[in-house]
Amino acid sequence: AVAGRDDPPLVIAAGIAGSLPAGDDTPEIGSLVIGTAACYAEEGMMTSQGFTSIAEMGFPVAAFADGNSISPDAGLLKGLKHLLPSAATGAIATVATCSGTDALAAGIAVRTGAIAEAMEGAVVLHAARLLGAPAIELRSISNRTGDRDRQDWKLSEAFEALRSAAAAFSSA
């Protein structure tokens, strides 16, 4: 429990993200994505044979992690799907370096199974879990990942989608 509280707070890691190449599941700019997993995409080692996750190296991220991923609270996942039925669902990769080439974006999508990438979701869900707080990641797609000249950033549409989600929370 959090110091001074009997019940832990609810944590929603909300913000913008880039859509990763995911075939028919690639989220459109301005759409919402509810994270079914928050993946540490870069925790590991790049070798001449490819990427090896930190979990595959024998250093598990946490006792509650599934490889390099943290699952959201099941009740929050069900609730957000109900509250935001048009939102896409899928894994969201947490990166320290955004994918600025098609090869990097494709590599992260294949390695993690993620449909979007952002920069802090996994660590927020990780910290919440350590505190005993239910947590989930919600992102609005602001751009495409991949080659920088084709990323097509649309921040106003992304922030409007987040405002709409916030309005849905307050009316629920």
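The values are calculated or read from the model by the stated rules, or taken from the named source; none is laboratory data. What you see is a predicted model, and the numbers here were worked out from it, not measured in a lab. Positions of Cβ are backbone-derived with ideal geometry, glycine not excepted, and every protein chain shown enters the neighbour counts. Quick note on the areas: whole protein, heavy atoms, side chains included, nothing else; ligands and nucleic acids left out. Shrake-Rupley method; radii C 1.70, N 1.55, O 1.52, S 1.80 Å.
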Q.
Of the residues 65, 103, only one is on the phi < 0 side of the Ramachandran plot and open to solvent by less than 50 Å² (accessible area, probe 1.4 Å); which?
A. 65
Q. Pairs under 6 Å by beta carbon, first residue farther than 15 Å from residue 41 by Cα and at pLDDT below 85 in the stretch 60-73, partner open to solvent by less than 20 Å² (accessible area, probe 1.4 Å) and outside any loop (DSSP other than H, G, I, E, B), six or more apart or different chains?
A. none
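Might you let me know whether the stretch 31-40 holds any residue that is of a type in the set (S, T, N, Q), at pLDDT 85 or above and in a strand (DSSP E or B)?
From the stretch 31-40, those of a type in the set (S, T, N, Q) are 31, 36; that's our starting set.
After this cut, where a residue has to be at pLDDT 85 or above as well, the list is 31, 36.
Among the residues that remain, those that are also in a strand (DSSP E or B) are: 36.
Yes - at least one qualifying residue is present in the stretch 31-40.
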Q | Tally of residues being farther than 12 Å from residue 12 by Cα, small (Gly, Ala, Ser) and either modelled with pLDDT of 95 or more or buried (at least 22 other Cβ atoms within 10 Å of the Cβ) (or both) across the stretch 128-145 | A | 2
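Test of understanding: among 93, 116, 55, which residue is crowded, with 16+ Cβ neighbours inside 10 Å and more than 30 Å from residue 168 (Cα to Cα)?
Details: 93 fails: more than 30 Å from residue 168 (Cα to Cα); 116 fails: more than 30 Å from residue 168 (Cα to Cα).
It is 55.
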Q. Do we find that residue 109 is closer than 14 Å to residue 27 by Cβ, in contact with a Gly (Cβ under 7 Å, 6 or more places away or on another chain) and among the aliphatic types (A, V, I, L, M) in this structure?
A. no
